[in-house]
Amino acid sequence: MARRPELLGLGRALLAAAAAASAAAETTTAAVQPYPLAVCLVSREPLGSAPRVVVHEGQEIKLCCGACLRRFERDPAFYLKRLRAAVGEGAQDGGR
Ligand SMILES: [Zn+2]
């Protein structure tokens with residue numbers, strides 16, 4: 001009975017360490033959110049075997065070809081909104 005608070009304390013210390021580690025990782029490429037779709041964000045075509053990959057504000061984006069990459073770069077905010085909408089369809093959870 002007296003041991004439980006100790007274990008909880010250890011767990012908390014580990015959680016705090018993990019949180020600190022992930023906070024530190026946010027400034028590196030390790031914190032990139034993986035692209036969640038199987039299709040090109042611009043054309044909605046299948047990505048194929050050699051998609052173009054870019055990282056925009058910590059979000060990995062995959063596109064089927066260079067033309068789509070140029071379109072994405074012209075208006076990344078528009079396509080990021082589309083990506084969030086596509087992801088939100090599967091899991092409507094009150095995030096931001
Ligand atoms: Zn394309």
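Table: residues versus (1) in contact (Cβ under 8 Å) with a residue 12 or more places away in the chain; (2) more than 10 Å from the ligand (Cβ to nearest atom); (3) polar (S, T, N, Q); (4) part of a helix (DSSP H, G or I).
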residue	(1), (2), (3), (4)
SER43	yes, no, yes, no
GLY48	yes, no, no, no
VAL54	yes, yes, no, no
ILE61	yes, yes, no, no
CYS68	yes, no, no, yes
ARG71	yes, no, no, yes
LYS81	no, yes, no, yes
ARG84	no, yes, no, yes
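Which condition from (1) touching a Ser or Thr at 6+ places or on another chain (Cβ under 9 Å); (2) at pLDDT 90 or above is the one that ALA31 breaks?
That leaves (2) as the condition not met.
The values are calculated or read from the model by the stated rules, or taken from the named source; none is laboratory data. Please read all numbers here as calculations on a predicted model, not as lab measurements. Note that each Cβ is placed from the backbone with ideal geometry, even for glycine, and that neighbours are counted across all protein chains shown.
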